[in-house]
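The values are calculated or read from the model by the stated rules, or taken from the named source; none is laboratory data. The structure presented is a predicted model; accordingly, all values stated were derived computationally and were not measured. Heads up, the Cβs are rebuilt from the backbone with ideal geometry, glycines too, and the neighbour counts pull from every protein chain shown.
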Amino acid sequence: MLYGISDGLLLAAGLGADPWDVFSQGLSRSFGLGIGTWTIIVGAAVLLLWIPLRQRPGLGTLANVIVIGLIVNEFLSLVPTVHGMAMRVVGMAVAVLLNGVATATYIGAHYGPGPRDGLMTGWAARGHSLRVGRTTIEATALLAGWLLGGTVGVGTVVYALSIGPLVHWLLPRLSRGGKGRRSEQELGEVAP
């Protein structure tokens, strides 16, 4: 739920969104349906890419596909677009921070990664670079979303530069069942 709220707030701030939300926003603007609805559709489609990677979804994976999109739609229907540059910047900053907390919390719970995270970890489990895989996946979603009319802006850059370090710092602190540092394989739930 927190991830959906943070996504909604980032979109409401109107300063650019994370790459996957830019993609969902572009799909929404091009083909109709709500951004959250496209988030659900895209999440389900990404799960199909797990098949050749032999990734297995968990309860958290399925919740990620459905709940985030529903919360985004609800948030955007209830909360007006943020006005005034100062409030938009505050909204963006809070959204990125909350997104980092949400990401570390759901990955750290070990109930299955989200569709996009599972795609990344499945790629890495096949001997490919995690960094290259994630960057390629995110850049593809961002470019496609931008070409479809999604909003790319300073929020997109702030998100891209901040989310990795935030999750890196928060994940060991919010991971279920353990204090301190855990291996990247444990934290990323990379399949053997």
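Things worth noting here:
- Residue list for the stretch 75-92, restricted to those being buried (at least 16 other Cβ atoms within 10 Å of the Cβ) and in a helix (DSSP H, G or I): 75, 76, 88, 89, 91, 92
- Failed item, numbered, when residue 137 is tested on (1) under 18 Å from residue 17 (Cα atoms); (2) at pLDDT 95 or above: (2)
- Test: residue 29 is in a helix (DSSP H, G or I), surrounded by fewer than 17 Cβ atoms within 10 Å (Cβ to Cβ) and basic (Lys, Arg): yes
- The C-beta contact set for the stretch 103-124 (first residue more than 15 Å from residue 67 (Cβ to Cβ) and of a type in the set (Gly, Ala, Ser), second residue in a helix (DSSP H, G or I) and at pLDDT below 85, distance under 8 angstrom, 6+ apart or interchain) comprises 108/187; 124/130; 124/133; 124/188.
- Applying the condition of being touching a helix residue (DSSP H, G or I) at 6+ places or on another chain (Cβ under 6 Å) and polar (S, T, N, Q) to the stretch 1-36 and asking which residue is farthest from residue 90 (Cα to Cα) yields 28.
- Residue match in the stretch 167-179 (condition: out of contact with any helix residue (DSSP H, G or I) (no Cβ under 6 Å at 6 or more places or on another chain), within 23 Å of residue 118 (Cβ to Cβ), assigned to a loop (DSSP other than H, G, I, E, B) and free of Cβ contacts under 8 Å to residues at least 24 places away in the same chain): yes
- Any hit, the stretch 43-51, residues being in contact with a Pro (Cβ under 6 Å, 6 or more places away or on another chain), of a type in the set (A, V, I, L, M, F, W, C) and in a helix (DSSP H, G or I): yes
- Total residues in the stretch 118-137 satisfying the condition of being among the polar types (S, T, N, Q) and not in a helix (DSSP H, G or I): the figure is 1.
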